[in-house]
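All remarks here apply to the structure that follows.
The values are calculated or read from the model by the stated rules, or taken from the named source; none is laboratory data. From a predicted model like this one, the values you see are computed outputs, not experimental measurements. Here the Cβ positions follow ideal geometry from the backbone for every residue, glycine too, while neighbour counts run over all protein chains shown.
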Amino acid sequence: MLFPFLIMFREGVEAALVVGIIASYLKQTGRTHLMKSVWLGIVLATLVCLAVAIFLQISSQDFPQQEQELFAGVISFVAVGVLTWMVFWMRRAARSIKGELQSQIEAAIQSGDKWGIALVGMAFFAVLREGLETVVFLLATFQQNLGIQAPVGALFGYAAAVAVGVGIYQGGIRINLRRFFKWTGAFIILVAAGLLASGIRAFHEAGVWNALQTVVFDASRVLPNNGFIGSLLAGFFGYNDAPTVSEAIVYFGYLIPTMLLFLGGNAGQKTTARHS
């Protein structure tokens, strides 16, 4: 439940941050009549994301077992790619996003856009980007058969993100964006490494990848996948009680350099900020 919650919460906060900045700026400048354009963009993006999620979920269920495993592996790899891009992009954009959005809003309004079409587009693409990323992440999670916990966790994450968005708009919530995206980003990189290992395992079960299948260790008697703790670790981090050499290689081959680059980049930004 925690991983779907975190994914939905983080992605929701990113979308809520953009929408909250737009709404707050319109409120501060006495242009609340343009909020209908923002809501229209949000609704349209939400409908598109729901349609994509339903289509992918229904399509994957029609596949034979081997094709389902292949689909799960592909989705896992796509999710890891998008996750990685997301955490690095937000680390760079967190500091300047408010000023850039306000400049874009002012430019759109001064261009004579009486119907607020530009605001519809800004809200639409902000929500659509985060929504489609969330669809990919959650679909990869649902492929792991976590039962009702996954959708329930996602629902709670969505509700928490909406609450944060309302708080941002009302001015009652102020988030240290750099710290928030640093720690959630580090956790997501850890989760992404597990997704990558799960993807390799799915490719093997689909008959696509059969190399390096020697088992590194067998912890099934100590910490089995179907036990309470094992199932939690499997849901959060892609734990496997009998990982193969190929799973271990992709797990640590991704985790170590990516985490060092992510955390090292944060340290580099601090140093630059001190000297600027």
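Looking at this structure, is Arg221 farther than 30 Å from Phe88 by Cα, modelled with pLDDT of 80 or more and among the basic types (Lys, Arg)? Answer is yes for this residue. Kindly establish whether Leu70 is without any contact (Cβ under 8 Å) to a residue 12 or more places away in the chain, in a helix (DSSP H, G or I) and either under 18 Å from Leu128 (Cβ atoms) or not charged (D, E, K, R) (or both). Criteria not met by Leu70. Listed by position, the helices (runs of 4 or more DSSP H) inside the stretch 95-191 whose residues that are at pLDDT 75 or above, buried (at least 21 other Cβ atoms within 10 Å of the Cβ) and under 17 Å from the mean Cα position of the chain (by Cα) number at least 2 are 117-142, 149-170.
Of everything in the stretch 192-218 that is part of a helix (DSSP H, G or I) and over 21 Å from Leu83 (Cα atoms), the residue that is modelled with the lowest pLDDT is Glu205. The set of residues in the stretch 14-61 being of a type in the set (S, T, N, Q) and either part of a loop (DSSP other than H, G, I, E, B) or in contact with a strand residue (DSSP E or B) (Cβ under 7 Å, 6 or more places away or on another chain) (or both) consists of Thr29 alone.
Of all residues in the stretch 19-43, those being crowded, with 16+ Cβ neighbours inside 10 Å and either modelled with pLDDT of 80 or more or among the aliphatic types (A, V, I, L, M) (or both) number 12.
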